[in-house]
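Here the structure is laid out as structure tokens; the discussion comes afterwards.
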Amino acid sequence: MFKTDPQAPDRFVTPVDEVFVRNHLGPHPRLDRATWSLTVEGLVERPLRLDFQALLGLPQTSLTAVHECFGNPLHPTVPTRAVTNLEWSGVPLSAVLELAGPRPQARHVWLEGADRGDFAGQSDVSFLKDLPLDQAGAEVVLAHTMNGEPLRPNHGYPVRAVAPLMFGTNSVKWLSRIVLAADRPEHLFTTHFYTRVLPGESESRPVREKDVSSKLLTPADGSTVPAGAREIAGYAWSTTEVTTVEVAVDDADWQPAVLDRRGPDPTWQRFRLRADLAPGPHRIRCRATDSAGRVQPLDGDRNAVHEIRVVAEDGA
Ligand SMILES: Nc1nc2c(c(=O)[nH]1)N[C@H]1C(S)=C(S)[C@@H](COP(=O)(O)O)O[C@H]1N2
Ligand SMILES: [Mo]
């Protein structure tokens, strides 16, 4: 008897039912499209309050992007590999910025959700993130749709920010307030947590651009598979395009896998390799390199190479 590879997690677009949920501040707020509104304030010529209808009246866009949780901000180097690839539709933040008219002193966009609660010993905090104005204006989408259906309550209904090149923590759910400011906000989720010092750097920086990473999905970790030639496959992703994925079976050398190119959207990229699995237990690892030359570390960080264990059986 062997478990067949589960198909679900190995699809290019992750079904909504399988998307992880990360709520820092407790249960999701109960919002409604009919009563929701978004304020745009701070260093703008025209402060705004947009309701859902007004948002639908603005230009719409769609894109597919990797949605990845950075991990537990209290343990920032521990791999969690919570990653999906999703289709989003909504309004480019640039359209809203154009309506409001940023003042020349504006440098940062603050994005705040409607949720409030307790986190790490602080009570009644909001979920607030900030991004450089230029970057946010070029990249962020105010999404109302995920995989073609209205956002579900846990995923930010009715509207969330999506920062497609960045870690999921920047994609503020239940978006309720946008502030344009000259400075970054001092806040639990902006300057206290979700900052880190990258290898080779000395200054800490906010957790924004995704790391280079990859995940083995086929065969499934812990499964028993028929011995012989097997397809080993998964996905690799980074802020820039991934250029190589290598796979190692047991103590054999790293071998380059076949890797799909990335299209215009910042999606993940499928890799695959056929390998001969002799009867017995095996350890399989994968390691990605991106076009910026970043390589997954062997260990010690959140994007360390992914390793799975399978057992190959004759006649399984
Ligand atoms: N308002 C709000 N937005 C939030 C969060 C949150 O707790 N509150 N969690 C963030 C984190 S850490 C991640 S990984 C993603 C998770 O999005 P999902 O739950 O839709 O998968 O939302 C981000 N946006
Ligand atoms: Mo997260």
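The values are calculated or read from the model by the stated rules, or taken from the named source; none is laboratory data. Predicted model, so just to flag it, every value in this text is computed and none were measured. Protein only, heavy atoms only, side chains kept; ligands, DNA and RNA dropped before computing areas. Shrake-Rupley method; radii C 1.70, N 1.55, O 1.52, S 1.80 Å.
Couple of notes before you dig in:
- Accessible surface, the chain, averaged per residue in Å² (probe 1.4 Å): 44 Å²
- Cα-based shape type of segment 99-195, given that a ≥ b ≥ c are square roots of the gyration tensor eigenvalues and the cut on a/c is 1.5: oblate
- Debye log10 I(q)/I(0) for segment 194-243, one point scatterer per Cα, at q = 0.31, 0.33 Å⁻¹: -1.15, -1.20
- Note, ³J(HN,Hα) from phi for segment 265-273, Karplus 6.51, -1.76, 1.60, rounded to Hz, x at Gly and Pro: 8, x, 8, 7, 10, 7, 10, 8, 7
- Dividing the Cα radius of gyration of segment 35-117 by 2.2 N^0.38 Å, with N the residue count, gives 1.39.
- Rounded to the nearest Hz, the phi-derived 3J(HN,Hα) couplings of segment 48-60 under the Karplus curve 6.51 cos²θ - 1.76 cosθ + 1.60 (θ = phi - 60°) are 10, 10, 9, 9, 4, 4, 4, 5, 5, x, 8, x, 10, where x marks glycine and proline.
- Under the criterion of Cα pairs below 8 Å and six or more residues apart, the relative contact order for the chain equals 18 percent.
- Across the accessible surface of the chain, with the other protein chains kept in place and a 1.4 Å probe, carbon and sulfur atoms take up 50 percent.
- Intensity falloff of segment 213-313 expressed as log10 I(q)/I(0), Debye formula with alpha-carbon point scatterers, at q = 0.21 Å⁻¹: -1.01
- Rounded to two decimals, the Cα-based Rg/Rh of the chain, with Kirkwood Rh, is 1.01.
- Across segment 185-197, computed HN-Hα scalar couplings (Karplus, 6.51 cos²θ - 1.76 cosθ + 1.60, θ = phi - 60°) run x, 7, 7, 3, 9, 10, 10, 8, 8, 6, 10, 7, 9 Hz from first to last residue, x flagging Gly and Pro.
- Relative contact order (%) - segment 1-143, alpha-carbon pairs under 8 angstrom, separation at least six: 24 percent
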